[in-house]
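The structure appears right after this line, and notes come after that.
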């Protein structure tokens, strides 16, 4: 029995029983015609799967809520246009419900709470309308140019907890009044349920570096539809100026938790921190960021005493909507933040949902001393001083072993510095131990997962060529922290590499909305999307804007350069290709198309072929050694040669050593190369490569196989395999 996260859409005909009583055959015929003419093409267009029809309804699953909602809007629009020409008694209208949740898959069918909630939601929709769950809303609220109306919490049959419900406002139903039963006056605010540290405190030093430029003026569309604000960096008024990390931590937490409030759009921490130290009028800041409100404040800590001052400002008038001071001890820091959040949302007149208290959040801690150490570690540059940051997180974990967010950040430190000898030494691990260490840390982080955990899991999934899992992990990261641009960017790269470029562009726009600050990594993403769509001029233009000094890892710099070489090669711009290749050689030694595929794991054959062709035109060889393409083994030939067999031979490069590999029929493998390598792992055939994830590593290695024209079985050199690193092995299958 398989379970997975899916966006579920249920559509049902309004008044089908009444229509059937009047004309059963005609109603059924019209339903079938709409299914064939509208539903099926739209579902296919948005990458959905029609699971089944259910009398007068349909059950459909999608890989993302964005796909599901786009499909629903397109369907309702097409049906509304179709009905314009239909007699009154022959019009079919549909109600649609959408939910994001776990589903159980059995024999192609799906069921479970994820389906049950979607089915119940559609009954709440107006004819021609769409209703979505809170889980679905969290995925799309900043992403599509449509509005939403909060219908509050509803009890759903066979589901224990109430479900947040939103009506989708499109041009189809925007002017249609809601039925009287759906209108409600929001009561006094419920007890606040803001979650500390549940969402991804994803440090700027991970990918993009600190904001180098002020944001460009942002789109006003979302800000006009609902309340929106930015939390500016709080000032540190403590006598000890080294405690600035506390002010930054409070700012981060307020940003993260306010972003989880239904109906509120919050600009990311990264964008807000670009205004640190700038004496700008509130109206200027809110105009540039496209938000209505601004929250600013300060924190003072003297021993165990803490004072937090905060004020909420209307960006248009500059007037104070609310201001207050909160005093307490450091042991009360969580409840102090609860009070700040409670009063902010009260001032904005927002409806809050009930839930766990702030210190009970997934990934969080209720130990103030552990929280203090976490903030110190988070305020340390992971790239420049990984040893210090790791030490602080380890101290935090010692005080609270269930502090999932600290485990995740510790794993990020090791992942960011993997392969960098000096940094690995500072962390006290060898390159060979790095993969096992990351796996160990991720295992602990998974016990109390946070947004940072899911972001890193998405990154690892991509390196393991599991783009579907990467998309699922990124979706979970976004659900936990909608205002974190890094989760949106993680989703964008996962979708782009899997060939779903239109959706990738949507998530890139969402990242730009929560953080309008231009970054080198975002230009790189723009270049990846353009390259995958065959727009080489746009790809080069975007990649040229990506300052390599702002790309903080060699891995990401290599991605940019491989794309630049290939795109220029395809355009015939050999001077540009040669310059990018020269820079690439300084990073990668002797670059090959094989290495490029390892560095940029495109899933679609067309994208891989485009990359190889561009690199070839720019003079980059396909493999580290020249072997005849006519001798290359395809996927089925590799499977027949390797699975269920033993291979013996000799590694020829970089050094001569005996080679042995044994692979079971299910892909479980064991390989030894002299005394330098001995590993077990799981192998799969992907395209014309054999890809293996070794038990002690977090990255997949994909090998190319060739026949050796001059080799023989007796000499154990009938075949040749090549690794992306340039390692070359000659071997034979043992009979």
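The values are calculated or read from the model by the stated rules, or taken from the named source; none is laboratory data. Since the structure is predicted, the reported quantities are computational estimates derived from the model, not experimental observations. FYI the Cβ positions are ideal-geometry reconstructions off the backbone, even for glycines, and counts take in every protein chain you see.
A few comments on the model shown:
- Residue in the range 133-150 that is on the phi < 0 side of the Ramachandran plot, at pLDDT below 80 and exposed (fewer than 14 other Cβ atoms within 10 Å of the Cβ) present: yes
- Every listed requirement among (1) assigned to a helix (DSSP H, G or I); (2) more than 17 Å from residue 128 (Cα to Cα) is met by residue 78 save one, (2).
- Flag for residue 692 being without any contact (Cβ under 8 Å) to a residue 24 or more places away in the chain, buried (at least 17 other Cβ atoms within 10 Å of the Cβ) and not assigned by TED's automatic domain parsing to the domain that holds residue 465: yes
- Residue 58 vs. criteria outside any helix (DSSP H, G or I) and surrounded by 19 or more Cβ atoms within 10 Å (Cβ to Cβ): yes
- Residue ID - surrounded by the most Cβ atoms within 10 Å (Cβ to Cβ), chosen from residues in the range 75-91 that are under 38 Å from the mean Cα position of the chain (by Cα) and touching a residue at least 24 places away in the same chain (Cβ under 8 Å): 76
- Test: residue in the range 459-470 that is touching a strand residue (DSSP E or B) at 6+ places or on another chain (Cβ under 9 Å), surrounded by fewer than 22 Cβ atoms within 10 Å (Cβ to Cβ) and closer than 23 Å to residue 560 by Cβ: yes
- Scan the range 244-284 for residues that are within 16 Å of residue 227 (Cβ to Cβ) and touching a strand residue (DSSP E or B) at 6+ places or on another chain (Cβ under 8 Å) and the total you get is 11.
- Selection count where residues are assigned to a helix (DSSP H, G or I) and either more than 15 Å from residue 687 (Cα to Cα) or in the same structural domain as residue 660 (by TED's automatic domain parsing) (or both), scope the range 601-627: 7
- Evaluation of residue 666 against (1) surrounded by 15 or more Cβ atoms within 10 Å (Cβ to Cβ); (2) without any contact (Cβ under 8 Å) to a residue 24 or more places away in the chain; (3) not in a helix (DSSP H, G or I) (one fails), failing number: (1)
- Considering residues of the range 702-735 that are more than 26 Å from residue 597 (Cβ to Cβ) and in a strand (DSSP E or B) only, the residue farthest from the chain's Cα centre (by Cα): 734
- Taking the range 442-490 as the range and being assigned to a helix (DSSP H, G or I) and out of contact with any helix residue (DSSP H, G or I) (no Cβ under 7 Å at 6 or more places or on another chain) as the test, the residues that pass are 443, 460, 463, 468, 472.
- Lone qualifier among 72, 44, 68, 6 - being within 30 Å of residue 467 (Cβ to Cβ), in the same structural domain as residue 117 (by TED's automatic domain parsing), under 32 Å from the mean Cα position of the chain (by Cα) and part of a strand (DSSP E or B): 6
- Residue match in the range 646-655 (condition: over 13 Å from residue 729 (Cβ atoms) and in a loop (DSSP other than H, G, I, E, B)): no
- With respect to the conditions (1) outside any loop (DSSP other than H, G, I, E, B); (2) over 17 Å from residue 688 (Cα atoms), residue 630 falls short on a single one, namely (2).
- Those residues of the range 671-683 which are modelled with pLDDT of 95 or more and surrounded by fewer than 15 Cβ atoms within 10 Å (Cβ to Cβ), in sequence order: 680
- In this entry, residue 521 passes the filter for residues that are part of a helix (DSSP H, G or I), at pLDDT below 95 and buried (at least 19 other Cβ atoms within 10 Å of the Cβ).
- Test: residue in the range 430-441 that is under 26 Å from residue 252 (Cβ atoms) and either assigned to a loop (DSSP other than H, G, I, E, B) or at pLDDT below 90 (or both): no
Each row is one residue, and each column tells you yes or no for (1) closer than 17 Å to residue 267 by Cα; (2) touching a residue at least 60 places away in the same chain (Cβ under 8 Å); (3) over 36 Å from the mean Cα position of the chain (by Cα).
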position: 288; (1), (2), (3): yes, yes, no
position: 294; (1), (2), (3): yes, yes, no
position: 297; (1), (2), (3): yes, yes, no
position: 304; (1), (2), (3): no, no, yes
position: 312; (1), (2), (3): yes, yes, no
position: 319; (1), (2), (3): no, no, yes
position: 324; (1), (2), (3): no, no, yes
position: 328; (1), (2), (3): no, no, yes
position: 333; (1), (2), (3): no, no, no
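- Test: residue in the range 14-37 that is assigned by TED's automatic domain parsing to the domain that holds residue 98, outside any helix (DSSP H, G or I) and farther than 16 Å from residue 100 by Cβ: yes
- Complete set of residues in the range 380-401 that are in contact with a helix residue (DSSP H, G or I) (Cβ under 6 Å, 6 or more places away or on another chain), within 23 Å of residue 551 (Cβ to Cβ) and in a loop (DSSP other than H, G, I, E, B): 380, 381, 382, 383
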